[in-house]
Amino acid sequence: MSQLLHWLVALLIFAQIPLGLAAVGWHLSPTKLSLFVWHKSLGMLVLVLVLWRLGWRAANPTPALPEGMPRWERLAARASHALLYVLMLVLPLTGWVINSAANVPVRLFWLIPLPDITGPDRGLQAVATAAHVALFIALAALVALHVGAALHHHYLKQDDVLQRMLPWTRSPR
């Protein structure tokens with residue numbers, strides 16, 4: 001289940017990048033509105049899946065890190081994973097605040113109305129928008145670090161850190 005949730009969230013996050021950029025850059029049209037509906041819907045789906053993954057992790061501890069891994073690497077791995085989770089939770093929430101503060105109703109996948117979490121407030125909308133962009137940049141940098149670390153473990157350290165998260169392998173218990 002960890003592998004499935006990991007790769008599903010990763011896929012959704014990678015889909016969010018072109019969707020968000022296209023939605024912001026597109027001229028006002030039905031296409032722009034559709035791009036935003038997809039972006040918001042997938043963002044809320046990421047939020048739900050990350051909450052599910054956190055619940056799964058609480059009930060199913062992750063495998064131990066490789067023996068001989070330096071203390072600083074263990075701390076960096078734990079800190080970067082914690083920060084990844086924080087960013088994956090806060091990014092959709094800032095998007096939700098943006099829409100609520102802008103007084104823009106949201107229907108996830110054109111079906112499910114998303115309630116406002118704040119009243120209309122242009123100042124809050126501007127702050128949430130700036131935060132959303134900054135958090136996206138932080139997430140992109142952290143994902144690059146995450147991928148780089150996985151490749152470092154696989155190709156240079158030749159341990160099983162990457163292998164145990166690949167979909168065609170079984171996670172050690």
Exercise. Of all residues in the range 106-122, which are surrounded by fewer than 12 Cβ atoms within 10 Å (Cβ to Cβ), touching a helix residue (DSSP H, G or I) at 6+ places or on another chain (Cβ under 8 Å) and either assigned to a loop (DSSP other than H, G, I, E, B) or free of Cβ contacts under 8 Å to residues at least 12 places away in the same chain (or both)?
Worked result: Trp110, Ile117, Gly119
Exercise. How about the range 11-27: which of its residues are hydrophobic (A, V, I, L, M, F, W, C) and without any contact (Cβ under 8 Å) to a residue 60 or more places away in the chain?
Worked result: Leu11, Leu12, Phe14, Ala15, Leu19, Leu21, Ala22, Ala23, Val24, Trp26
Seminar exercise, completed: Scanning the range 1-34 residue by residue, those buried (at least 17 other Cβ atoms within 10 Å of the Cβ) and either among the polar types (S, T, N, Q) or not in a helix (DSSP H, G or I) (or both) turn out to be Gln16
For this session: Check Val97, Val37 and return the single one that is among the β-branched types (Val, Ile, Thr), in contact with a Lys or Arg (Cβ under 8 Å, 6 or more places away or on another chain), at negative phi and assigned to a helix (DSSP H, G or I).
Result: Val37
Seminar exercise, completed: Residue pairs qualifying under the 6 Å Cβ cut-off, at least six apart or on distinct chains, with the first in the range 74-91 being within 18 Å of His153 (Cβ to Cβ) and the second being at pLDDT 95 or above, are Leu84/Leu142
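Matching residues to (1) of a type in the set (S, T, N, Q); (2) at pLDDT below 95; (3) exposed (fewer than 15 other Cβ atoms within 10 Å of the Cβ); (4) outside any loop (DSSP other than H, G, I, E, B):
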site	(1), (2), (3), (4)
Pro61	no, yes, yes, no
Ala64	no, yes, yes, no
Met69	no, yes, no, no
Ala79	no, no, yes, yes
Leu83	no, no, no, yes
Met88	no, no, no, yes
Leu93	no, no, no, yes
Exercise. Considering only the range 73-99, how many residues are among the polar types (S, T, N, Q) and more than 18 Å from Ser2 (Cβ to Cβ)?
Worked result: 2
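The values are calculated or read from the model by the stated rules, or taken from the named source; none is laboratory data. The model shown is predicted, which means the values in this text are computed figures rather than measured ones. In this analysis, Cβ positions are derived from the backbone assuming ideal geometry, glycine residues included, and neighbour counts consider all displayed protein chains.
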